[in-house]
Each structure stands twice: as C-alpha cells, then as structure tokens.
Amino acid sequence: MIISPFSILITSISSISWGVFDGIRKHLIQRLNHWTLLLYLSLLFSTSFLIWIVLTNSFELDSGYYLYGFITIVLNFFANYFYIKAIEVSDISSVVPFLAFTSLFTALSSYLVLGEQLAKIQILGIFVVVISSFFINYKSGSSIKKLFKFNKGALLMILVSLLWAISAPFDKLAVTHSNAISHSFIQSIFISFLNLIMVLRFSKEKLFSDFLKAPRALIAGSIIASIALGLQFYAYTLMQVSIFESLKRGLA
C-alpha cells in the first residue's frame with residue numbers, strides 16, 4: 001500500500017492531537033479521581049461523535065462489526081485505565097515514550113490478524129522508534145543500567161502499548177464493517193457505560209463535584225481527542241496499522 005501525502009497529513013493531525021491530549025490528561029489526573037475522569041472523557045467523546053454523525057448523516061454498521069467492536073471496547077477500556085494510572089504514578093515525560101512499544105507490538109499483531117507485512121526498512125524504522133524511547137527517557141548523569149530500569153509507570157505504559165497494539169488490527173476490521181466515526185461513537189458510548197459502572201462502584205460521591213474542578217480542560221481535551229481518534233481510525237483505511245502507529249508515536 002502506497003502512503004499518499006493525504007494519509008501523511010491525516011496521520012500528522014491525529015498524532016499531534018494525541019500529543020496535546022497526553023498533556024491535558026496529565027493536567028486532569030492531578031485534579032480528578034481517575035474513574036470520574038475516564039467517565040467524563042468517554043461521555044464527551046460520545047457526544048462529539050454523535051454530533052458528528054447527526055451533522056453528516058454518516059452512521060454505518062453491518063452484522064460483521066459486532067465481534068470486532070466488542071474486542072476493541074474491552075481492550076481499550078483496560079488500556080485507558082492503565083494509561084491514567086501510569087501517568088498518575090510517574091512523570092509523563094518519562095513514561096509516554098514507552099508507548100513507542102505500540103509500534104513493535106502492532107507490527108506483530110497486524111501480521112497475525114490482518115496478514116500485513118512490512119519491508120525490512122520499515123521494520124528497521126520501528127526498532128529505531130522503540131530504541132529511541134529509551135534515550136528520551138534517559139536523564140543526564142544516569143548510568144546505562146538505570147536507562148533500562150523500568151519504574152512502575154513505565155511497566156504500566158508498556159502494558160498499555162500491548163493492549164492498544166492488540167486492539168489496532170481489530171479496530172481496522174471494525175471500521176471495514178462500519179466507518180471511522182460510527183466505530184468511534186460505538187466504542188466511546190460502551191466504554192462510557194463500563195466507566196459509569198466503575199464510578200458507581202468506587203467513587204460516585206465525586207461524580208458531579210469532579211467535573212466542576214476542570215470543565216474547560218475536560219471539554220477541550222475531549223474535542224481534541226475526538227479529532228485524534230476519528231482521524232486515527234480513518235487513517236487505518238489508508239495505510240498499514242503498524243506504519244500509522246510508528247508515525248504516530250514519532251510525532252506525538
């Protein structure tokens with residue numbers, strides 16, 4: 001599959017949006033309970049995609065969607081939770097680089113699920129992205145041994161990378177049975193339901209008070225992330241999943 005300038009543009013906008021959203025999430029987790037944060041973000045995502053669907057009359061879904069949609073909902077629910085925990089317990093600049101492992105894991109999962117194969121130079125590029133993540137995490141004066149010593153947040157972020165990598169090829173399959181916006185909406189609304197269950201179980205007393213702590217950041221973050229997610233799923237239809245993930249991590 002030839003990567004067109006248009007697909008690079010879509011990937012760039014999505015990747016930069018994800019990078020901005022990473023910073024907003026770190027800002028929010030310092031102020032909100034993690035379950036209420038996840039609930040509000042997923043509800044705001046759902047609202048953004050619903051408005052998008054209504055304005056464009058673009059909802060599509062066929063019977064082949066359900067299995068792939070279910071798999072991605074479960075995987076992303078846990079990935080989102082572990083991501084929030086990772087940036088809660090560690091400095092964001094030291095753990096987000098480990099999301100580069102998504103590229104490596106996705107290359108394997110997309111081959112197993114989709115049969116997507118990479119050229120040798122593309123595989124080399126993925127390894128460069130992954131290795132570079134360690135050096136981004138390196139601090140002046142640290143030993144090489146410390147460079148490869150994972151903290152709790154880094155381990156959680158590698159788990160997030162694995163979950164997102166497993167989800168990515170199933171996201172691509174789900175989009176072939178719907179479209180990018182429909183899949184984004186369905187995923188967001190069901191993850192909202194799962195997050196609501198967790199809020200009612202663990203932190204319902206903070207459900208309303210938490211929103212008032214950072215309403216502008218929540219709304220801005222949800223809009224930016226909705227753009228990032230919608231364009232990501234669309235980009236999956238334009239290029240190999242592992243190539244997108246590598247470009248995304250390098251830019252973000």
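The values are calculated or read from the model by the stated rules, or taken from the named source; none is laboratory data. Everything numeric here is computed off the predicted structure, so don't read it as measured data. With ideal geometry, Cβ positions are generated from the backbone for all residues, glycine too; neighbour counts draw on all protein chains shown. Only protein heavy atoms, including side chains, enter the accessible area calculation; ligands, DNA and RNA are left aside. Shrake-Rupley method; radii C 1.70, N 1.55, O 1.52, S 1.80 Å.
Side notes on the structure shown:
- Of residues in the range 1-47 being of a type in the set (Lys, Arg) and within 16 Å of PRO215 (Cβ to Cβ), the one least open to solvent (accessible area, probe 1.4 Å): ARG25
- Selection count, the range 17-48, where residues are modelled with pLDDT under 90 and either farther than 13 Å from GLY221 by Cβ or not in a helix (DSSP H, G or I) (or both): 8
- Candidate set: the range 227-243, residues that are over 17 Å from GLY115 (Cβ atoms) and of a type outside the set (A, V, I, L, M); chosen: the one nearest to the chain's Cα centre (by Cα): GLN232
- Residue match in the range 27-36 (condition: basic (Lys, Arg) and under 14 Å from the mean Cα position of the chain (by Cα)): no
- Residues of the range 113-134 classified as in contact (Cβ under 8 Å) with a residue 12 or more places away in the chain and either assigned to a helix (DSSP H, G or I) or not acidic (Asp, Glu) (or both), total: 13
- Within the range 49-62, the only residue that satisfies the criterion of being without any contact (Cβ under 8 Å) to a residue 24 or more places away in the chain and either outside any helix (DSSP H, G or I) or touching a Gly at 6+ places or on another chain (Cβ under 9 Å) (or both) is ASN57.
- Verdict on ASP91 being open to solvent by less than 20 Å² (accessible area, probe 1.4 Å), acidic (Asp, Glu) and either at pLDDT below 85 or farther than 25 Å from ILE158 by Cα (or both): no
- Every residue from the range 156-182 that is open to solvent by less than 10 Å² (accessible area, probe 1.4 Å), farther than 19 Å from VAL96 by Cβ and either touching a Gly at 6+ places or on another chain (Cβ under 7 Å) or modelled with pLDDT under 90 (or both): ALA174
- Among the residues of the range 48-84, those identified as under 30 Å from LYS152 (Cβ atoms) and either open to solvent by less than 50 Å² (accessible area, probe 1.4 Å) or aliphatic (A, V, I, L, M) (or both) are ILE71, THR72, ILE73, VAL74, LEU75, ASN76, PHE77, ALA79, ASN80, TYR83, ILE84.
- Test: PHE190 is more than 23 Å from GLY23 (Cα to Cα), open to solvent by 20 Å² or more (accessible area, probe 1.4 Å) and either modelled with pLDDT of 90 or more or of a type in the set (Phe, Trp, Tyr) (or both): yes
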